[in-house]
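Report on the structure given below.
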Amino acid sequence: MKGGARAAAGAQFRPGCGSASSANLRRRTLRAGSDGVGATSPHRTWLGRLCGIAAWLSLIGNPGTAAATEARCELALEAEAGGVHHFQVELAQTPEEQARGLMHRESLEVGHGMLFVLPIARRTAMWMKDTRIPLDMVFFDSAGIVVHLEQHTEPHSVRMLGPEQPVRYVLELNAGEAGSLRHGGPWRLDIAALAACLSVRATTGEVPRDP
């Protein structure tokens, strides 16, 4: 599993630039021979090029599009001593979401993060490949209890980070935000609230996972 960021998604094409027709146009252009047999007209060739440019601009011009469509939850961490921390988190449940993680992000809002939800508890290692911002990583067991912290991780590092024991959840935060979890513990994830959030995500048609 990786720590990382979101690939742009949901590019919007203007009329005449549908992905299937553009692909066919490109194939026809490549098949055109020197004798002109099968060649597309200059107008259609330029249309294909313009479609490609429009698609590319729509991706780079809307970096927040994918993040805005991700499922979010308010996550609560509670301590036996009575303390509580709240974070707004994006959920990473599918293999694709977990592979992207927080890669390529330029920043992360204070009090925000990403929660990786594994299908079962297992030994898990994270890395910082292609991740531009330093992070704190909080590892939880199946009961939601914090079992390991990694603080101020190094951007772009491929060093594997994680505990020896199995974990079920991993929370990534801005570097420095998990420091207080070293005191007043043990700290525990509010599993009931997380289960409710995951249930809502399941009913919206996204991939469900039991906490």
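Quick look at the values:
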| read-out | value |
| --- | --- |
| Cα-based convex hull volume of the stretch 67-203 per residue, rounded to whole Å³ | 101 Å³ |
| Inter-label distance for His183 and Thr94, nm, one decimal - labels placed 7 Å from Cα along Cα-to-Cβ | 4.2 nm |
| Cα-centred dipole magnitude for the stretch 104-154, charges only on beta-carbon of K, R (+1) and D, E (-1), debye, nearest 20 | 220 debye |
| Extension gain, His152 back to Ala196 (0.36 nm per residue minus Cα-Cα distance, nm) | 12.8 nm |
| Sparsely packed GluC sites (Glu not before Pro) within the stretch 96-192, loop by DSSP, other Cβ within 10 Å at most 13 | Glu106, Glu109, Glu164 |
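Every number here is computed from the coordinates shown, using simple stated rules; none is lab data. Nothing here was measured: the structure is a model prediction, and the numbers come from that model. Don't worry about glycine lacking a Cβ; one is built from the backbone with ideal geometry, like all the others, and counts go over all protein chains shown.
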